[in-house]
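*Asks:* Here it is, the structure, as structure tokens.
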Amino acid sequence: MAATEKPPVPKLSDKNTKQETLEAYPTVVRQLEAKRAAKLQPEKRVQEKRAEEVVAAATDLTPDGVERALGNLKADIG
């Protein structure tokens, strides 16, 4: 099966057994998440990417890292 092909989703109805419904649930959830991601507007995607970058930069700022950077600046200045 190619990566672009989607596995068939069983039809959900009132007559399905509990097991059939539970087996189909993860597939349906993945499809809904993919559909929601496709609907995001480009502006929102850019905004989310910026937010992720800000969080990544903030996690890099540890007290030791700040002290080290200040020490390097002091050494460079004189």
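The values are calculated or read from the model by the stated rules, or taken from the named source; none is laboratory data. Quick caveat, the model's predicted, so the values are computed rather than measured. Because the Cβ atoms are built from the backbone with ideal geometry, glycine has one as well, and the counts that use them run over all protein chains shown.
*Asks:* Within segment 24-65, track down each residue that is polar (S, T, N, Q) and in a helix (DSSP H, G or I). Lay out the reasoning, then the answer.
*Replies:* First, the residues of segment 24-65 that are polar (S, T, N, Q): 27, 31, 41, 47, 59, 62.
Matches in segment 24-65: THR27, GLN31, GLN47, THR59.
*Asks:* Got a sec? Which of GLU53, GLU5, GLU20, GLU43 is out of contact with any helix residue (DSSP H, G or I) (no Cβ under 9 Å at 6 or more places or on another chain), of a type outside the set (A, V, I, L, M) and at pLDDT 85 or above? Spell out the reasoning first.
*Replies:* Details: GLU5 fails: at pLDDT 85 or above; GLU20 fails: at pLDDT 85 or above; GLU43 fails: at pLDDT 85 or above.
Of the residues listed, the single one that is out of contact with any helix residue (DSSP H, G or I) (no Cβ under 9 Å at 6 or more places or on another chain), of a type outside the set (A, V, I, L, M) and at pLDDT 85 or above is GLU53.
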